[in-house]
Amino acid sequence: MSKLKKSGLLLIILILISSSAIANIDLEQEAEITDFRNVNWEMTLEEVLENEEAELLAEENEVLVYETEVAGLPTTLIYFFYENQLAAAEYRFNNNYTNPNNYIDDYSKLVNLLSEKYGPPTEDKTVWHNNLFENEPPSHGLAISLGHLEFWSKWATNDVEITSRLNGRNYNINFKISYQSTDFENASTEENYLDHL
């Protein structure tokens, strides 16, 4: 056999071996795909405890509470279960800024990241309940803390509904991102979860 034919045969064999290895890697990655972080909707509380790597803070009445970070922001992560199946999760962001406009910056950053992952939001709202500071952007953070202004955005996939919300009252600002499995949207609501806290 000529050197050219041997080289061509060797090249074909290497290509076949490489494509086989790549196919195996793709299958392994597909098997590791999860719905949220490193867990799947409908997992039991025990399965989530086994899979979640963040620091566990509390476990009570079908609720798990963890401390973690999201996009460099300190966050409380809460898993909600319905009849011992993971039904929802929520990030509550814990920054305590002296300049309340920083919360708007965090909200915008996370909305942009969610949009990169899930596409543009299906709903994106800026709601003024009192327009006292509407024409004063440097005071928009203050307006949120007073309950005058809120932001919220929503995304929907086949498996989950995601809502990002920034609002406040009595000089306190709340920023959270909620994930609700579509399999449980009628069976469980935040009000049901609050009964367990």
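The values are calculated or read from the model by the stated rules, or taken from the named source; none is laboratory data. Just so it is clear, the model here is predicted, and its values are computed rather than measured. When we count neighbours, we look across all protein chains shown, and the Cβ atoms used for this are built from the backbone with ideal geometry, even at glycine.
For the range 106-125, indicate whether the set of residues that are under 19 Å from V39 (Cβ atoms), of a type in the set (A, V, I, L, M, F, W, C) and under 17 Å from the mean Cα position of the chain (by Cα) is non-empty. Lay out the reasoning, then the answer.
Of all residues in the range 106-125, those under 19 Å from V39 (Cβ atoms) come to 114, 117-118.
Filter again for of a type in the set (A, V, I, L, M, F, W, C), leaving 114.
Subset that is under 17 Å from the mean Cα position of the chain (by Cα): 114.
Yes - at least one qualifying residue is present in the range 106-125.
For the range 10-21, indicate whether the set of residues that are more than 30 Å from N112 (Cα to Cα) and modelled with pLDDT of 95 or more is non-empty. Give the derivation first.
Of the residues in the range 10-21, the ones more than 30 Å from N112 (Cα to Cα) are 10-21.
Filter again for modelled with pLDDT of 95 or more, leaving none.
No, the range 10-21 contains no residue that is more than 30 Å from N112 (Cα to Cα) and modelled with pLDDT of 95 or more.
Those residues that are buried (at least 22 other Cβ atoms within 10 Å of the Cβ) and over 20 Å from F36 (Cβ atoms), I need them from the range 80-105; list them, please.
Listed by number, the list holds a single entry, Y103.
Being among the acidic types (D, E) and farther than 16 Å from I177 by Cα is the filter here; which residues of the range 35-94 pass it? So that I can check it myself, show each step before the final result.
First, pick out the residues of the range 35-94 that are among the acidic types (D, E): 35, 42, 46-47, 50, 52-53, 55, 59-60, 62, 67, 69, 83, 90.
Result: E42, E46, E47, E50, E52, E53, E55, E59, E60, E62, E83.
Quick one: which of N40, N51 is in contact (Cβ under 8 Å) with a residue 24 or more places away in the chain and of a type outside the set (V, I, T)? Spell out the reasoning first.
Working: N51 fails: in contact (Cβ under 8 Å) with a residue 24 or more places away in the chain.
When all the criteria are applied, what remains is N40.
Looking at the structure I just gave you, is L149 more than 27 Å from E46 (Cβ to Cβ), among the aliphatic types (A, V, I, L, M) and in contact with a His (Cβ under 9 Å, 6 or more places away or on another chain)? Lay out the reasoning, then the answer.
Details: more than 27 Å from E46 (Cβ to Cβ): yes; among the aliphatic types (A, V, I, L, M): yes; in contact with a His (Cβ under 9 Å, 6 or more places away or on another chain): yes.
Yes; evaluated as a whole, the condition is true for this residue.
From the list L149, L73, L77, which residue is touching a strand residue (DSSP E or B) at 6+ places or on another chain (Cβ under 6 Å), assigned by TED's automatic domain parsing to the domain that holds E60, modelled with pLDDT of 95 or more and surrounded by fewer than 19 Cβ atoms within 10 Å (Cβ to Cβ)?
On the way: L149 fails: surrounded by fewer than 19 Cβ atoms within 10 Å (Cβ to Cβ); L77 fails: surrounded by fewer than 19 Cβ atoms within 10 Å (Cβ to Cβ).
When all the criteria are applied, what remains is L73.
What is the residue count in the range 139-157 for residues that are more than 22 Å from R92 (Cα to Cα) and out of contact with any helix residue (DSSP H, G or I) (no Cβ under 7 Å at 6 or more places or on another chain)? Lay out the reasoning, then the answer.
Within the range 139-157, the subset more than 22 Å from R92 (Cα to Cα) is 139.
Okay, now just the ones that are also out of contact with any helix residue (DSSP H, G or I) (no Cβ under 7 Å at 6 or more places or on another chain), so none.
Number of matching residues: 0.
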